[in-house]
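Below is one structure, written out as structure tokens, with a few remarks after it.
Taken together, the values in this text are just the output of simple stated rules run on the coordinates, not laboratory data. Model, not experiment: these values are computed from the prediction. Cβ placement follows ideal geometry from the backbone for every residue including glycine, while neighbour counts extend to all protein chains displayed.
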Amino acid sequence: MTERRRSRWREQVGDEMECARCGESRDSTDLDRMLWCEACVSGARTRAGRIGWISGGLVAGALALWIWLGVAPSMDLIPGGWLAVVVAAAWLGSKLAREVAFGVLRARE
Ligand SMILES: [Zn+2]
């Protein structure tokens, strides 16, 4: 009787499955759609976030250089406006790069 209830409980919770990335055995309810365990998902998210900030910094740097050399605005006019543009580009760039990096990381591994 006890044995039966136990097996039914296991059916509901799900079987042990291996994480598609690290190969560790987990309960299937702990894995997401792509069969990644939580540790692997958060690890990929952290790395994607780092890639995002680096990319956002590069985008902002390139834009600042372009504004400085290409547009050459008079800095006593609206320095705050240009700064806002660069900051917005860094923020958007990092957000976008993070999403792309997360998708690429998940598709590859
Ligand atoms: Zn894993």
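Ordered by residue, what ³J(HN,Hα) values in Hz, to whole numbers, does the range 46-62 give under the Karplus form 6.51 cos²θ - 1.76 cosθ + 1.60, where θ = phi - 60° and Gly and Pro are x?
4, 5, 4, x, 5, 4, x, 5, 5, 4, x, x, 5, 4, 5, x, 5
Once amide H atoms are placed 1.01 Å from N in the peptide plane, what residues at a sequence separation of 5 or more from Asp27, or on another chain, have their amide H within under 5 Å of its amide H?
Counting only residues 5 or more places away or on other chains, the set is Met17.
Between Arg50 and Glu38, with labels modelled 7 Å along Cα→Cβ, what's the label distance in nm to one decimal, could you check?
Placing both labels 7 Å beyond Cα along the Cβ direction yields 2.2 nm.
Go ahead and run the numbers for FRET between Val87 and Cys22, Cβ-Cβ distance against an R0 of 41 Å, rounding to 0.05.
Working from the Cβ atoms, E equals 0.65.
On a full-extension model of 0.36 nm per residue, what is the gain between Leu69 and Lys95, subtracting their alpha-carbon distance, rounded to one decimal in nm?
Numbers: separation 26, 0.36 × 26 = 9.36 nm, distance 2.61 nm.
Using 0.36 nm per residue and subtracting the Cα-Cα distance, I get 6.8 nm.
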